[in-house]
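Presented below is the structure to which this report refers.
The values are calculated or read from the model by the stated rules, or taken from the named source; none is laboratory data. All values reported here derive from a predicted model rather than from experimental measurement. Note that each Cβ is placed from the backbone with ideal geometry, even for glycine, and that neighbours are counted across all protein chains shown.
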Amino acid sequence: MNLILLVDDNAKRQDMFSLNLEMYSGAGVIKKNSLDKAQEVLKVIDKIALIITYAKVATKDVAFQLYTDLKGSSRTIPMIVLGKEEGINDLHVDFLEENAEMRDVVQLAAKTLGVTALDMATQMVPHYFPMPTSYFKNIHTAPCDVYIRHKESAGNFIYTKVLFAGLEFEETLINDFIEKGTMDFYVDKADRLKVTAAVTSGLFERLTDKNLDKDDRLSATEVGMELASFKINNDGLTLEVVQLCDVTIQSIVTCINDSPTLKLLLARLLKNQSSFAFKHSLLITYITNLLNKQVEWGSSEQADKLGFLAFFHDITLDRDELVCINSQAELDSSTISDNDKLKVGRHAFDAAELVAKYPRAPLGVDQLIRQHHGELNGIGFTSNLQANLSPLVAMFMIAEDYVHEILNAPEGKFDLLQTMIKLRSKYTKEKFRKMLSMLERVPYP
């Protein structure tokens, strides 16, 4: 799904824009009401397909500042600016009047995203389907014709073929495209399943290669997790998906063993510019693995359960913006759509139902997933810790909160003391306090 970042401080107008954009373009809309919040989104989510903003929001020159930020980071994201901004003259930026009609904004957004009038009427997939360029690092032969997209004029794009079906290529070619800012290739919508099948096969071969370079393994493991989530949410638990999940979970363990300290693991994740979802799962696995070694009932069997739990607990959440939500207060105050709020609120339940059908899943892990936000039924986030939660759930909840604090802190400014004070005020029951004492002994860089 394409993602649109919408910046507007008028809540009612923002809701109307969001509703119409989602309805007619088929895109997800991330709503923010200030420059600072929009900048935070662009820092943590690297797959924004379009930015729609007023030239000025709350008296700030939001359009110009976001454009400047993108230029400074060598990112190319199309923009639609409502109002005048003389400091921008770029083919990738379109302007409309500040009081432009809703219809004009939606139509231009749809054109920019490659959605045709027929697509808007039927909500079909656009003729050309975007696939992350990084996926192609895992294959050596193009499974179909592959294109890159160039903007010709407002809302109009030219698709240039860069890989021919059957063409053999080296990974260096894909790296060159990525270094030049090509984050997505495009394929005919009829070929997208062919591409995911080829990438899945290539990933399986790569992740089972014991001689794979450490950084290459980290990148391939992230793609494996991302592709597994995509295929689960679109195709369900097929045999192919189960095999991909199994090798990806094992590769996560290898990544952790390749990074004996938290400092080294964080450095490698930052170097690879990993997604929030991947960093989140990998770090939780790392922390729970350390805690499991400290408790008297810890074992390799428990480690397997915790690794499985870390991989699958957010598997139904399809983008970082949703994974970042970690409390009922954050969910209630978020500006995501009502459908997304429902998805986040029941993601523990949905993931547990999915894992209950998973062949050879660790015994009882579906219940652990159901309870991982403290609610026994898997709906919502707890405000009152249950006394009968499993010790494994207690360990996981503390590790997840700790990881969220690490990832949400500005780089180099994580405050361990304040984090522990915050966690101790939240987790007052004895089983949690014991885990917190163990967590304090985990060295943080």
Extreme residue, modelled with the highest pLDDT, among residues of region 1-35 that are closer than 21 Å to PHE230 by Cα, of a type outside the set (A, V, I, L, M, F, W, C) and not in a helix (DSSP H, G or I): GLY28
Within region 209-296, helices (runs of 4 or more DSSP H) holding 3 or more residues that are out of contact with any helix residue (DSSP H, G or I) (no Cβ under 9 Å at 6 or more places or on another chain) and on the phi < 0 side of the Ramachandran plot: 239-257, 262-271
Options GLN371, GLN367, GLN386; residue that is polar (S, T, N, Q), in contact (Cβ under 8 Å) with a residue 12 or more places away in the chain and crowded, with 22+ Cβ neighbours inside 10 Å: GLN371
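In the set GLU400, GLU411, which member is within 17 Å of HIS280 (Cβ to Cβ), assigned by TED's automatic domain parsing to the domain that holds LYS343 and outside any helix (DSSP H, G or I)?
When all the criteria are applied, what remains is GLU411.
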Selection status of THR238, under 21 Å from LEU354 (Cα atoms) and touching a Gly at 6+ places or on another chain (Cβ under 9 Å): no
Matching residues, region 55-92, being surrounded by 19 or more Cβ atoms within 10 Å (Cβ to Cβ) and of a type in the set (Phe, Trp, Tyr): TYR67
Residues located in region 318-333, provided they are closer than 19 Å to GLY374 by Cβ, touching a helix residue (DSSP H, G or I) at 6+ places or on another chain (Cβ under 7 Å) and part of a loop (DSSP other than H, G, I, E, B): CYS324, ILE325, ASN326
Sole exception among (1) β-branched (Val, Ile, Thr); (2) out of contact with any Phe, Trp or Tyr (no Cβ under 9 Å at 6 or more places or on another chain); (3) in the same structural domain as LYS357 (by TED's automatic domain parsing) for VAL223, by number: (2)
Lone qualifier among ALA399, ALA352 - being small (Gly, Ala, Ser), touching a residue at least 60 places away in the same chain (Cβ under 8 Å) and buried (at least 20 other Cβ atoms within 10 Å of the Cβ): ALA399
Flag for ASP209 being over 23 Å from ILE315 (Cβ atoms) and within 24 Å of the chain's Cα centre (by Cα): no
Test: residue in region 34-51 that is touching a residue at least 24 places away in the same chain (Cβ under 8 Å), at positive phi and either outside the structural domain of ASN339 (by TED's automatic domain parsing) or of a type outside the set (Ser, Thr, Tyr) (or both): no
Meets criteria (surrounded by fewer than 20 Cβ atoms within 10 Å (Cβ to Cβ), among the basic types (Lys, Arg) and either more than 26 Å from ASN156 (Cβ to Cβ) or in the same structural domain as PHE157 (by TED's automatic domain parsing) (or both)) for LYS31: no
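Please specify each residue of region 90-119 satisfying the condition of being in a loop (DSSP other than H, G, I, E, B) and of a type in the set (D, E, K, R).
Those that are in a loop (DSSP other than H, G, I, E, B) and of a type in the set (D, E, K, R): ASP90, GLU97, GLU98, GLU101.
Could you please find all residues in region 154-200 being polar (S, T, N, Q) and without any contact (Cβ under 8 Å) to a residue 24 or more places away in the chain?
THR160, THR172 - these are the residues of region 154-200 that are polar (S, T, N, Q) and without any contact (Cβ under 8 Å) to a residue 24 or more places away in the chain.
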Near pairs, Cβ below 6 angstrom, 6+ apart or cross-chain, from region 7-26 (more than 17 Å from ALA58 (Cα to Cα)) to any residue that is at pLDDT below 75 and surrounded by fewer than 20 Cβ atoms within 10 Å (Cβ to Cβ): TYR24/MET120; GLY26/GLN123
